[in-house]
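Accompanying notes for the structure given below.
The values are calculated or read from the model by the stated rules, or taken from the named source; none is laboratory data. Because the structure is predicted, anything quoted here is derived from the model rather than measured. FYI the Cβ positions are ideal-geometry reconstructions off the backbone, even for glycines, and counts take in every protein chain you see. These accessible areas exclude ligands, DNA and RNA; they are computed on the full protein's heavy atoms, side chains included. Shrake-Rupley method; radii C 1.70, N 1.55, O 1.52, S 1.80 Å.
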Amino acid sequence: MSTRTAYDTGLEKFNRTHRVVDVIFHLIFIVLALICVIPVVVVLSISFSSEDSIRETGYHILPTVLSGDAYAYIAKQGTTILRALGVSVLVTVIGTVLGVLLTASMGYVISRPNYKLKGFLTWIVFIPMVFNGGLVSSYFINTNLLGLKDSIWALILPLAVSSFNVIICKTFFKSTIPDGLIESAEIDGASQLRIFFSIVLPISLPVIATIGLFLCFAYWNDWFQSMLYIDNQNLYSLQALLNSLMSNVDALAKNAASMGVSYAVLVATMPKESARMAVAILIVLPVACAYPFFQKYFISGLTVGAVKG
Amino acid sequence: MSLKAEQSHKRKRLRPRWHKQDTELTLLALPTTIWYILFCFLPMFGIIIAFKNFRISGGFLSNVFNSPWIGFKNFEFLFKSNDAWIIIRNTIGYNLIFIVLGIVLPVLFAIMVGLLHSRKASKIYQTMMFLPYFLSWVVVSAVGWAFLSFDKGIVNQMLVSMGSDPVNWYMEPKYWPFFLILLNVWKGLGYGMIIYLATITSIDSTYYEAAVIDGASIWQQTRFITLPMLKLVIVMMFILAVGRIFYTDFGLFYQVTRDSNSLFNVSTTIDVMVYKQLKTATVGMASAAAFVQSVLGCATILIANWIVRKIDPESAMM
């Protein structure tokens, strides 16, 4: 990958930007990196601010009065939030597994050189990359014909496959799995299904991990499907919940009110502003903690996609 | 992606007849094929509702067959409305700016980060700058609210503490073209940088060694080695971006502006308009707009690719 890493060899050491230029570059990147990270810090600090301090002095980059009220509220009364967390996790897990299987199986099939329908299926995968039916007809087909309105499958199925991912898989299978391996399995009488599950998938972990990561982040971060297809609040994901809280912060009190405390009391006492940002943190935290470790797989996937398959 | 090569490969088939393995492979591909038919190809045929007086109630298929043909009426409504030109201007205008900035800035910073002496620092900057890519627009909208809210926002507090009047940001269209462009750059910069940097690090180091021996400066090495080696990726990203010139990031224009009516003139793009019409159940104009978007989108990607193939066949996608 990195052939310019040998910085300490004589030539590289000699061929460097001037020290002053390097310092300027560092300053530029420090500013850019901070601009990219500070917004998340702000959300985190609002979620840890006390409700009174927000009401009196507004939002701050660092909390003026520290408080864990928002998280205590979520732990005790946040049924709405915990249910949304459950929906998000469920959709992400099912979607990722289903998506990986659908993508890898198609990628494998169109990577087999002697398969009779290969040309046809390649076109099936290729055409949607340049032409699509658009939002209106997709919406009507998903709601009226497939009956996905207010169903958890509306959050899962439309995002499961992308032609881009199928092509990444196909390229990987074609370039890394030796034909001899599959042919010898065929001669031994293994069915294609068996070959796919017990030979191809286990030796293709790098590409499976990459596609799985793409899907995982896509499902976790999706809010558009919820906006289109989900009206039932019990099926709200964290993203959809945050989306509705952005326009109406009192919505958090609705479900909790049914548990004995009156709605008016709850609206008056619950930490609304900080709880809203705490929901944002519930969304961001897993992603922010995970991506630095998976960056490598992401980059390999993105660059495979950017190079001709 | 290289269909030509595959087709030529297809001609030299080894096994002439349908084989048991073909059946098994077909079965293996069946679930995904069904998915493609349901979620990609049915909507492609559903696009004809743009030419129909489509009603929302009842089953989809019976509606498609029974609703009367009205020719280009929906398109007339669309293009005669005053908003049509604002929407088209916004869609294409923002996209042109995004395409230029989305190539120039990531390439520039990728080259700069590659020149840093400390590899460790370069890795840390890259990771930090990649973060916005993983935030959903709903979260970005919450972040924006924390900064721009009228009574609690951080920006207004700063303005007040400096003695100025607070600004009602979500009511003032004049600031938003700048905000939207800034946010788009902010979210995509780390991602773009990493793609270009991956290409830069894969350049054979002997090119640079030879250049140094010939006395080339860092600037000359960048100009005559790095940039030419990046050309292929830049062209690929350009084609992809141009092919999506009629599509915009719905989240940026709808979520971040909090769907504020005051910002209509600067924030409504085709996608926003289609979504809003869909939610108010007036399908005619929305389906016409979606049709225009799909057909022109397809045409632009094919034309962009055709032009690139004329200039430089190596860089073309298809």
key: Answer from A:PRO158, A:PRO113 - the residue that is touching a residue at least 24 places away in the same chain (Cβ under 8 Å) and in contact with a His (Cβ under 9 Å, 6 or more places away or on another chain)   = A:PRO113
task = Please state which one of A:GLU56, A:GLU51 is within 25 Å of B:VAL160 (Cα to Cα) and touching a residue at least 24 places away in the same chain (Cβ under 8 Å).
result = A:GLU51
request  = Restricting attention to the stretch B:27-49, report how many residues are more than 7 Å from chain A (Cβ to nearest Cβ) and more than 25 Å from A:TYR115 (Cβ to Cβ).
outcome  = 2
Criterion: of a type in the set (S, T, N, Q) and closer than 18 Å to B:VAL266 by Cβ - qualifying residue of B:ASN184, B:ASN156 = B:ASN184
Residue match in the stretch B:273-280 (condition: within 25 Å of B:ASN261 (Cα to Cα), outside any loop (DSSP other than H, G, I, E, B), at pLDDT 80 or above and of a type in the set (Ser, Thr, Tyr)) = yes
ask   = Residues in the stretch B:189-220 that are modelled with pLDDT of 90 or more, facing another protein chain (nearest Cβ under 7 Å) and open to solvent by 60 Å² or more (accessible area, probe 1.4 Å): how many?
value = 0
ask   = Looking at the stretch B:153-188, which of its residues are within 14 Å of chain A (Cβ to nearest Cβ), in a loop (DSSP other than H, G, I, E, B) and either buried (at least 20 other Cβ atoms within 10 Å of the Cβ) or within 30 Å of the chain's Cα centre (by Cα) (or both)?
value = B:GLY153
ask   = For the stretch A:52-152, list the helices (runs of 4 or more DSSP H) that sit wholly inside it and hold at least 3 residues that are more than 9 Å from every other protein chain (Cβ to nearest Cβ) and touching a helix residue (DSSP H, G or I) at 6+ places or on another chain (Cβ under 7 Å); which are they?
value = A:69-77, A:79-111
task = Name the single residue, out of those in the stretch B:281-291 being at pLDDT 85 or above and more than 7 Å from chain A (Cβ to nearest Cβ), that is farthest from B:ASN90 (Cα to Cα).
result = B:ALA288
Test set (1) over 29 Å from B:VAL138 (Cβ atoms); (2) open to solvent by less than 50 Å² (accessible area, probe 1.4 Å); (3) among the basic types (Lys, Arg) - B:ARG223 fails condition number = (2)
request  = Would you point out the residue of the stretch B:84-121, among those that are among the charged types (D, E, K, R) and more than 23 Å from the chain's Cα centre (by Cα), that is nearest to the other protein chains (Cβ to nearest Cβ)?
outcome  = B:ARG119
request  = Those residues that are part of a helix (DSSP H, G or I) and over 19 Å from B:GLY251 (Cβ atoms), I need them from the stretch B:115-149; list them, please.
outcome  = B:LEU115, B:ARG119, B:LYS120, B:ALA121, B:SER122, B:LYS123, B:ILE124, B:TYR125, B:GLN126, B:THR127, B:MET128, B:MET129
message = Consider the stretch A:60-79. How many of its residues are closer than 26 Å to B:GLY153 by Cβ, among the β-branched types (Val, Ile, Thr) and touching a residue at least 24 places away in the same chain (Cβ under 8 Å)?
response = 1
remark   = If we keep only residues of the stretch A:176-202 that are touching a Ser or Thr at 6+ places or on another chain (Cβ under 8 Å) and in a helix (DSSP H, G or I), then the residue surrounded by the most Cβ atoms within 10 Å (Cβ to Cβ) is A:PHE196
task = Pick out the one residue from A:LEU193, A:LEU155 that is at pLDDT 90 or above and out of contact with any Phe, Trp or Tyr (no Cβ under 8 Å at 6 or more places or on another chain).
result = A:LEU193
task = Only one of these is open to solvent by less than 20 Å² (accessible area, probe 1.4 Å), aromatic (Phe, Trp, Tyr) and under 15 Å from the mean Cα position of the chain (by Cα): B:PHE253, B:PHE238. Name it.
result = B:PHE253
